[in-house]
Amino acid sequence: MDTFSGCGLCLPNLTQLSPCHFGDHRPPLCVEIKPKCGFLPFSRYVTKECKRKVCRFCMHQHFKLANGKWNRLSRYCPLDLFSGSKQRMYVAIKHLLEEPQNNLKIFKGGELIYSCNDDAKQQPDLNELVQHLRPYFHHCISLYNGHQSSKAIFSELIQLICSALLSSGDSKRSVEPRKAESRQFCEASPLHRDPLRSGSHGLPRDCVLSKILQVQMLDNLDIDGLYPLYKRVEQYLEEFPKERNRLQIDGPYDESFLEKVKTYPSEDDGSIEYAVGKVLQYRIAMTAKDCSVMITFAPCGQDEKLQPNLVIQPAKHCFTYSVSILDLDPKPSDSIPHQYKLDSKIVNYYLRSTNTSQDRPSSNLYKEHQECMLLFHPV
C-alpha cells in the first residue's frame, strides 16, 4: 500500500451480505475462489502441442513443486470448474478444499477460518473446518455419525458453492455452448479418463463463470502469438514516444479504452492499431485469468421473504447469497515479457518432469505399412 499516494478507495466488505442479513443468528460464510484460466489455448501460434492438451494451472503445479512454492500437487483443474458439469465442478471444488493453496479461502463472519498456511508443509485442518460448518448443515448430523457426518457436511457445502456459481439472473438458465468440445478436457485432470467425460456441457449464459470465461477468451493468440505484437508496439513507442497517450497504453480505462479494444482491425494488417488492440485484449484476459470470485451466503430465516434470485436451495436448507468478482486491477504491459519467459519455463519443465514424448519428433525407423525384414545374427 502506498501511504503517500494522497488518496484511497473505500470498497465493500464482500465477506458480508449486503444489505445486512439479520434473519438468522449464524454469521454469513464466504468462500473465495481464484478459478484461474478455464480453457486450453486454441491459437495456431502455439509452439508446444502439450499446451493444447494440458491446462496452464496443471502444468504450473509441477513447476511450483520443483521450486518449493508448494510441497504437494493440487488435483484441482480449472477446466473441470468451468465445464458446467455439476459432477466435474463438484470434484474440482472438493480438490480445492483438500489442497487450497492460494486458490481457496473461507471466511466466517468476516474472519478467515480456512486457507493454506504460510508454511507449505502444514496441511490445512479439515476437521477444524467441519466444526465451523456444522451449525449451517446441522440436518446432516442426524443422518450420519463421525466420518460420514463430515463427508455429508462437505458435500452440502460443495453443492451450495456449485449452485451459486451456476446461478443466473435469467430464470430460463440458457446455456452458453462451448466453441470446441476437444478443449473442455485437460489430460492432467483426474477426470480425464473418467466416464463423466462423456456428454456435452455448458455454462448458463449469465452465470459468473461464463462471464469470466468470455473475458479470458479474449486471449485468442496465446502468449506465443501475442509476444511478437508486443515487441512491435514497444519498437513503435521507442520511435514515437508521444503516441503512448493516444494509444491508451496506460489507460485511462474508460469507455474510449473499451471502444479501442472492440474496434481494432480483425486481421493483422501490420498496423500498430492491430498490435495495440491485441495487447490490450491480452491484458484484459490476463486480469480475468487472475481474478477471484467471492461467494457469500447465510441461512434464511423461516419468516424471511426474499427475491427468488437471491436464494439458493441445493439441499434441505435455504440460503440467501451474493456472488462478486474482485482483483480486477488491469495487468500492466511490462508484465508481458515476464509472462512469455515464465510460460516457456513452465511448459519445458512440465515436459521434462512428466517424461512425455508428445513433442518429440516421431521416429522414421518403422512407419505404418512399411515392409521390414527381421534378421537373426549368431551370438
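Data for the structure
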{"item": "Selection within the range 209-232 - of a type in the set (S, T, N, Q) and surrounded by fewer than 19 Cβ atoms within 10 Å (Cβ to Cβ)", "result": "Q214, N220"}
{"item": "Residue tally, condition of a type in the set (D, E) and either touching a residue at least 60 places away in the same chain (Cβ under 8 Å) or open to solvent by less than 10 Å² (accessible area, probe 1.4 Å) (or both), over the range 74-108", "result": "1"}
{"item": "Whichever residue in the range 25-64 is open to solvent by 10 Å² or more (accessible area, probe 1.4 Å) and touching a strand residue (DSSP E or B) at 6+ places or on another chain (Cβ under 8 Å) and, among such residues, is modelled with the lowest pLDDT", "result": "R26"}
{"item": "Any hit, the range 310-323, residues being within 30 Å of T47 (Cβ to Cβ), out of contact with any Pro (no Cβ under 7 Å at 6 or more places or on another chain), modelled with pLDDT of 85 or more and crowded, with 17+ Cβ neighbours inside 10 Å", "result": "no"}
{"item": "Single condition S83 does not satisfy, out of (1) farther than 23 Å from L129 by Cβ; (2) among the hydroxyl-bearing types (S, T, Y); (3) at pLDDT below 90", "result": "(3)"}
{"item": "Count - residues of the range 87-117 that are at pLDDT below 95, assigned to a loop (DSSP other than H, G, I, E, B) and of a type in the set (S, T, N, Q)", "result": "4"}
{"item": "Of all residues in the range 118-128 being under 25 Å from the mean Cα position of the chain (by Cα) and either modelled with pLDDT of 95 or more or of a type in the set (D, E, K, R) (or both), the one that is surrounded by the fewest Cβ atoms within 10 Å (Cβ to Cβ)", "result": "D118"}
{"item": "Pairs with Cβ under 9 Å, 6+ apart, first in the range 247-269 and closer than 15 Å to Y282 by Cβ and without any contact (Cβ under 8 Å) to a residue 24 or more places away in the chain, second open to solvent by less than 100 Å² (accessible area, probe 1.4 Å) and acidic (D, E)", "result": "K260/E273; Y264/E273"}
{"item": "Given (1) surrounded by fewer than 21 Cβ atoms within 10 Å (Cβ to Cβ); (2) out of contact with any strand residue (DSSP E or B) (no Cβ under 9 Å at 6 or more places or on another chain); (3) in contact (Cβ under 8 Å) with a residue 12 or more places away in the chain, number of the condition C291 does not satisfy", "result": "(2)"}
{"item": "Within the range 229-280, tally of residues that are farther than 16 Å from P337 by Cα, assigned to a loop (DSSP other than H, G, I, E, B) and touching a Leu at 6+ places or on another chain (Cβ under 9 Å)", "result": "4"}
{"item": "Residue within the range 133-156 that is touching a Lys or Arg at 6+ places or on another chain (Cβ under 8 Å), at pLDDT 60 or above, aliphatic (A, V, I, L, M) and part of a helix (DSSP H, G or I) present", "result": "yes"}
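The values are calculated or read from the model by the stated rules, or taken from the named source; none is laboratory data. Note that the coordinates shown come from a computational prediction; the quantities given were computed from them, not determined experimentally. All Cβ positions, even for glycine, are placed from backbone atoms using ideal geometry, and neighbour counts span all protein chains on display. Areas reflect the complete protein model, heavy atoms only, side chains present, ligands, DNA and RNA absent. Shrake-Rupley method; radii C 1.70, N 1.55, O 1.52, S 1.80 Å.
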